[in-house]
Amino acid sequence: MLILLPPSEGKAAPRRGKPLDLAALSSPALTTARVAVLEALEALCSGDPAAAAATLGIGSTQLDLVELNAGLRTAPTARADAIYTGVVYDALDFAGLSAAARRRATSRVMITSSLFGVVRPGDRIPAYRLSGDTTLPGLGAVAGVWREHLGPAVLDALGSGLLIDLRSTAYAAFWRPTPEVARQVATVRVLHEVDGVRKVVSHFNKATKGRIVRALLEDGAAPRTPTALAEALRDLGWTVEVGTPGAKGTQLDVVVAEL
């Protein structure tokens, strides 16, 4: 089983730690692409700060993020599971997992990254700012770069197991399963139901996905099919509806009434 998470826009910047060592990251086949994205981002952020901020889609009051990107090679690093923050990661709470669940996370979780393609929870990375919809001068769209390189890394990690794809739309564009792989893929949509009316609410969606990952890691469940995943989630207390298998996999709707 492989759980593929989105990154977070916000990140915790470590104050101390070894500098980035690309060769030490998991999925070493991505090193060449990682270097290309890193160099393009550093070049952008070493020039005009205002122009870099505009390219990165950040405001004039966030120029410190441009400076952060310009020094990524020498910046301190920490485990990826401590770098990524936000609603998904607050609900998942890597640091609060039991020892057994943390061991499972090491082999069962991958985090999508605009800068690194994918990382494992234990990979040491610096804090950075680069969204999935960014186009970098001299390189092109970040999503396009990863579409060319990410597939083998994901498939190698997946093997014959089930992929639980929790990525948001922007990061789903980095890699899409082929029809042959789609039968191994379960995507999850969270619906908030109030008075019989269902809708997607971003906060509920993110928080519930984090809690689902946490529960699966703590429970130790390792379903091998989307249907088995739905059964495991029901056993863990969620209301789950299974959709029809499609080109992107089988969608599971998790229905929640409150956070």
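The values are calculated or read from the model by the stated rules, or taken from the named source; none is laboratory data. This one's a predicted model, so the numbers in the text were calculated from it and none came from an experiment. Note that we place each Cβ from the backbone using ideal geometry, even for glycine, and neighbour counts take in every protein chain shown.
I'm trying to understand the selection: among the residues of region 134-157, which are crowded, with 17+ Cβ neighbours inside 10 Å and either assigned to a loop (DSSP other than H, G, I, E, B) or touching a His at 6+ places or on another chain (Cβ under 6 Å) (or both)?
Matches in region 134-157: Thr134, Leu139.
Any residue in region 137-163 that's touching a residue at least 24 places away in the same chain (Cβ under 8 Å): show its pairings with residues that are of a type in the set (D, E, K, R) and not in a helix (DSSP H, G or I) at Cβ separation under 9 Å, as long as the two are six or more apart or on different chains.
Cβ pairs passing all conditions: Val142/Asp133; Ala143/Asp133; Arg147/Arg176; Gly151/Arg176; Ala157/Arg120; Ser160/Arg224; Gly161/Arg224; Leu162/Arg224.
Among the residues of region 189-211, are any free of Cβ contacts under 8 Å to residues at least 60 places away in the same chain, of a type outside the set (A, V, I, L, M, F, W, C), in a loop (DSSP other than H, G, I, E, B) and over 21 Å from Ala143 (Cβ atoms)?
Within region 189-211 (the criterion being free of Cβ contacts under 8 Å to residues at least 60 places away in the same chain, of a type outside the set (A, V, I, L, M, F, W, C), in a loop (DSSP other than H, G, I, E, B) and over 21 Å from Ala143 (Cβ atoms)), the answer is yes, since at least one residue qualifies.
Do you know which residues across region 81-93 are within 21 Å of Trp146 (Cβ to Cβ) and over 11 Å from the mean Cα position of the chain (by Cα)?
Matches in region 81-93: Ile83, Gly86.
Out of the residues in region 94-121 that are over 14 Å from the mean Cα position of the chain (by Cα) and assigned to a loop (DSSP other than H, G, I, E, B), which is farthest from Gly71 (Cα to Cα)?
So the residue we want is Ser98.
Taking the options Asp123, Asp90, name whichever one is over 21 Å from Ala222 (Cα atoms), surrounded by 18 or more Cβ atoms within 10 Å (Cβ to Cβ) and acidic (Asp, Glu).
Result of the check over Asp123, Asp90: Asp123.
Can you name the residue in region 173-183 that is touching a residue at least 24 places away in the same chain (Cβ under 8 Å) and in a helix (DSSP H, G or I) and, of all such residues, is farthest from Pro121 (Cα to Cα)?
The qualifying residue farthest from Pro121 (Cα to Cα) is Pro179.
Filter region 55-80 for residues that are over 24 Å from Arg147 (Cα atoms) and in a helix (DSSP H, G or I) and give the result.
Ser60, Thr61, Gln62, Leu63, Asp64, Leu65, Val66, Glu67, Leu68, Ala70
Looking at the structure I just gave you, is Ala186 outside any helix (DSSP H, G or I) and not basic (Lys, Arg)?
Against the criterion (outside any helix (DSSP H, G or I) and not basic (Lys, Arg)), Ala186 qualifies.
For region 212-239, which residues satisfy the criterion of being of a type in the set (S, T, N, Q) and either in contact with a Phe, Trp or Tyr (Cβ under 7 Å, 6 or more places away or on another chain) or assigned to a loop (DSSP other than H, G, I, E, B) (or both)?
Scanning region 212-239 gives a single hit, Thr225.
To keep it simple, each residue is scored yes or no on (1) within 23 Å of Ala91 (Cα to Cα); (2) surrounded by 14 or more Cβ atoms within 10 Å (Cβ to Cβ); (3) among the small types (Gly, Ala, Ser).
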| site | (1), (2), (3) |
| --- | --- |
| Glu180 | no, no, no |
| Leu191 | yes, yes, no |
| Val197 | no, no, no |
| Asn205 | yes, yes, no |
| Lys209 | yes, yes, no |
| Glu231 | yes, yes, no |
| Val240 | yes, yes, no |
| Ala247 | no, no, yes |
| Thr250 | no, yes, no |
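Considering (1) over 30 Å from Asn205 (Cα atoms); (2) among the small types (Gly, Ala, Ser); (3) free of Cβ contacts under 8 Å to residues at least 40 places away in the same chain, say which one Ala99 fails and leave the rest.
Condition (1) is where Ala99 drops out.
Does any residue of region 158-166 turn out to be within 14 Å of the chain's Cα centre (by Cα) and either assigned to a loop (DSSP other than H, G, I, E, B) or among the hydroxyl-bearing types (Ser, Thr, Tyr) (or both)?
yes
Report, by residue number, each residue of region 12-46 that is touching a Pro at 6+ places or on another chain (Cβ under 9 Å) and either free of Cβ contacts under 8 Å to residues at least 40 places away in the same chain or part of a strand (DSSP E or B) (or both).
Correct list: Leu22 only.
Gly96 fails exactly one of the following numbered conditions: (1) loosely packed, with under 13 Cβ neighbours inside 10 Å; (2) more than 30 Å from Val188 (Cβ to Cβ); (3) at pLDDT 95 or above; (4) not charged (D, E, K, R). What is the number of that condition?
Every condition holds for Gly96 apart from (2).
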